[in-house]
Structure formats: structure tokens, C-alpha cells
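Written below as C-alpha cells is the structure these notes are about.
Readers should treat all values here as calculations from the given coordinates under stated rules, not as data from a laboratory. In this text the structure is predicted, and so the values were computed from the model without any measurement. Neighbour counts are summed over all protein chains in view; Cβ atoms, including those assigned to glycine, are modelled from backbone coordinates with ideal geometry.
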Amino acid sequence: WGETAKDPERVRGAIRRLKALLSIAESGERWALLGSAYKRLALASKAHTNSPPARQGIQEELKLAADAYLRAWKRKSDSPYNSLNYIAVQCVRGEESSTIDVPHADGGKCETMKTVDYLAEIAARLRNQETQLGNYWTAVAVPETKVLALLHDFPTDEHRVKKTIQEIVELYDQAEKTYGVTPRERYSAMSQWKFLAECLPAGLEGAQAI
């Protein structure tokens, strides 16, 4: 995406191309890319203007991002990328929930779980995958689950908050030291932090900590 992500019109062009591809054939990957594009459009729009009509437009872009990530998650229910992005966008929209409907791989009925329990389950699965695969992107997804869990269950104890934030930072540092990263990879890995830091509602518990 690079510089394109900073220009709303260029991001809209990418969205039109993705929607054209989806009209030909749907896939989890294409829905996830569309979700990412709408998320980047919301960031780019926010950077360009903060008028009331613009804020309303940004909310619509975020809703479209959440819808796209949810479609991607339902098509690839084993992909933490889709579910984590869906949960992150819902937080930014002010639509975070204590429970979440988790789709099954066979397309059957969703299972309702506590969101923090689901995030803990995903973190455990990612740690296991990292042990087996030795993958940087899997490693940095672990602290991301902790960031989202913090937003859903923000501690009242300030010491616990600081300890959790420190643990998150250490996990990111450990991933970089273990695998080594390029500046481009670091920028991509930190993009979720940037999205949350810039777009989280000010009144949401944990927003200032992020």
C-alpha cells in the first residue's frame, strides 16, 4: 500500500478494483483485503479532515471494514488475521462486546464465547504455531490478542495495566529480536497499533493506554 494508504482517492480506487474482483469470485483473501482497504480509507480520511460529515463517513467506512472482515472470517474461520481485525474494528466503532459469535470451519452454527476467552484461545493457538513454524507474523499476532483483550477487560488496578502494557511491548521486542525485521515489516506489524491509537473512541476504557 505504501503512500497509497495516505491518499483517500487512491484507496477508493483500490476498493473499486477489489469489489470488481469479488463480483467475479469471492474468497476469504479478497474479503480480507477489502476490509483492510476500508480500514486504511478510514485512517486516510481522518488524517485529511475532521468535520462532522467526514466523521459520519469514517463510521460508514469502518462498518464496511467490519462487514468485510466478518465475511472473510466466516470463509476462513481458522484465520486469526480476520477475526482479530474484525474485533479491532468493532472496538474502534464503539461496538465492542463481551461475547462474540465464532464461526465453525464446516459452516455450521456459530459458537458464542466470551471475547476475552476467544482471544486467549487464539493467543494459545498462535504460540503453538510459532513454536512449530518459527514465523514472525505469527509471533507479533500474540501481543495483538493481548491489546484487544485489554480493551475488552480493562483492569482497575493501575499496576496491572502497566504490567500488561510492558508484557505487550516485550512480546513485540522479542519477536523482532528472534526473527529480525525490515523497516517495511515493522511498519506493517505496527499498523494495528496506529489504527487503534488514532481511531479508538476517547471514552473507551484502555484507549489512553493504547
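Some notes on this structure:
- Total charge dipole magnitude, the chain, about the Cα centre, Cβ charges on Lys, Arg, Asp, Glu only, Debye to nearest 20: 720
- Scanning residues 5 or more positions from L200 or on other chains, none has an amide H under 5 Å from its amide H, with H placed 1.01 Å from N in the peptide plane.
- Dipole size of the range 112-204 about its Cα centre, with +1 on Lys/Arg Cβ and -1 on Asp/Glu Cβ: approximately 120 debye, rounded to the nearest 20.
- Computed [θ] at 222 nm, helices only, for the chain once each DSSP H run of length n ≥ 4 contributes -39500 (n - 2.57): -23500 deg cm²/dmol
- Set of lysines near K163 by C-alpha distance (under 20 Å), chain-local residues within fewer than 8 positions excluded: K146
- D101 versus K162: modelled label distance in nm, points set 7 Å from Cα along the beta carbon direction: 4.2
- Per-pair calculated FRET efficiency, R0 = 22 Å: Q132 and L21 via Cβ, rounded to 0.05: 0.10
- Anisotropy class of the range 53-112 from Cα gyration tensor, a/c 1.5 cut: prolate
- In sequence order, the range 74-85 has phi-based couplings of 5, 7, 10, 5, 8, 9, x, 3, 5, 5, 5, 5 Hz under the Karplus curve 6.51 cos²θ - 1.76 cosθ + 1.60, θ = phi - 60°, and Gly or Pro positions carry x.
- The string of couplings for the range 170-179 from the Karplus curve (6.51, -1.76, 1.60, θ = phi - 60°) is 5, 5, 5, 4, 4, 4, 5, 5, 6, 10 Hz, one whole number per residue in order, with x for Gly and Pro.
- The alpha carbon centroids of the range 84-153 and the range 9-39 are separated by 23 Å.
- Estimated FRET transfer efficiency (D117, E9; beta-carbon r; R0 41 Å; 0.05): 0.50
- Per-residue 3J(HN,Hα) values for the range 133-141, derived from phi via the Karplus relation 6.51 cos²θ - 1.76 cosθ + 1.60 with θ = phi - 60°, read 9, x, 10, 4, 5, 5, 5, 6, 6 Hz in sequence order (x marks Gly and Pro).
- Within a Gaussian network of the chain (alpha carbon springs, distance under 10 Å), most fluctuating of E95, E158, E60: E158
- Amide H partners (placed H, <5 Å) of T99, local residues excluded: T115
- Across the options A66, L119, H152, the greatest Cα extent toward the positive end of the charge dipole of the chain (unit charges at beta carbon of Lys, Arg, Asp, Glu) belongs to A66.
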